[in-house]
Amino acid sequence: MTATLATEQTVDPVPERTTAADAAPRRPSLSPSRAADFKSCPLLYRFRTIDRLPEKKSKAAVRGTLVHAVLEKLYDLPPAQRTVEAAQTLVAPAWAELREEPGIAELFEPAPPTEGAEPSVDEGLEAWLASAGQLVETYFRLEDPTRIQPHGREELVEVTLPDGLLLRGFVDRLDVAPTGALRVVDYKTGAVPREAFEAKALFQMKFYALVLWRTRGVVAAQLKLLYLKDGDALTYSPDEAELLRFERTLQAIWAAIERAVATGDFRANKTRLCSWCDHQALCPAFGGTPPPFPADAAAAAGWRTTLPVTPV
Ligand code: SF4
C-alpha cells in the first residue's frame, strides 16, 4: 500500500451527504458510510439504518451535493469546453434542480424578523452559492478536466461476497486507462475533526477498491481523494493482501451488526462526533431514551432477529 497525504488539514464532510447507496437497498447491505456509522457508534447506525429516523439537512452537506452535481455535469461537455467559466455556469441550474428536493429550500427561508434587523436570506443564499462556486473553481487546481474522459460518474459499485454480505457504494468518478488500469476519484467538500481524517478516508477508499477488485478482478491502480476546500489531494494504491485483510474487517463489522440486530442491542458510543448527531434527545449518553427496537421494520427489511415480530 502507498498512501500520500498532502496535508493533515484535508477535510471530509460531517454530516456527509447522503448517497443513493445509503437509501433502502433490496436487502440489508453495507456501504462505506454506514459501516463507518457502526464503527463510530452502533446506536447511530441503528437510528439511521434500522429506525430510519429523519435528520436535518445541513447547508454544508447540501453544498457537497451541489458541487458533486456540477462536477458530474461538467463531464457532459466536450473536453475543450470544460473550463472554469463553463463549470460556474452549471452551478445555478444544478441548484435549481436541487432546491426542489424536500427540506432543501427551507434551509434558506427567512428567519423570523427581528426588530430593526434587515432580512439577510438572499445574501445568505448568494454567499452559499458563491462558496460552492469557489469549491468548483478549486477543483481546476487539482485536475485538468480537458484531459480526462471518465468511464463512469456517480457509478454504483456492488458485490456480494461468498458469505452473502452485500457491499454497495457509489463512486464519484471511475477512470479506466487504455491499459485497463482503474482510478477511482472521490470529491470532498466539508470538514471533520483532524484525528478522524486519515482512517476514515482510507476506509472509504479501501471499500471501493475491494468492491472493484471483486467485481472486475483488477486492483485499482489509484484511488484519489480531492479535497476541494483546501485544494489538497490524497492518493492511495492498494494491493491484494491489504484488500483481503480489509474484506475480513468488513465481514467482522457485518457480523457485529447482525448480532446487534438479532438482539436489538445497539450501544451508544459518545465521541466528539456526537456534536454532529441529530439524535442526542434519544441517546442514553445524553440522558435520552431510545424508542423500542423496531423489530417488525427490521424483519420487513430482511434482517434476522430473535426478537418477537408481528406476523404479516
Ligand atoms: S449522540 Fe453520540 S452516542 Fe448518541 S447516538 Fe448520536 S453519535 Fe451515538
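Tabulated data
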| read-out | value |
| --- | --- |
| Formal net charge of residues neighbouring Ala262 (Cβ-Cβ distance under 15 Å; K, R +1; D, E -1) | +1 |
| Exposure proxy ranking, count of Cβ atoms within 10 Å, fewest first, for His279, His151 | His151, His279 |
| Linear extension gain, Glu258 paired with Leu244, 0.36 nm per residue minus alpha-carbon span | 2.9 nm |
| Total charge dipole magnitude, segment 202-301, about the Cα centre, Cβ charges on Lys, Arg, Asp, Glu only, Debye to nearest 20 | 100 debye |
| Reciprocal of mean inverse Cα separation for segment 241-312 (Kirkwood radius, Å) | 14.4 Å |
| Spatially proximal lysines relative to Lys206 (Cα-Cα < 22 Å; intrachain offsets below 8 disregarded) | Lys39, Lys188, Lys224 |
| Spherically averaged projected area of segment 194-284 from its Cα convex hull (nm²) | 8.1 nm² |
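Where a number appears in this text, it was derived from the coordinates with a stated rule and is not lab data. Only a predicted model underlies this, so the values are computations on that prediction, with no experimental measurement involved. Note: ideal-geometry Cβ built from the backbone for every residue, glycine included; neighbour counts use all protein chains shown.
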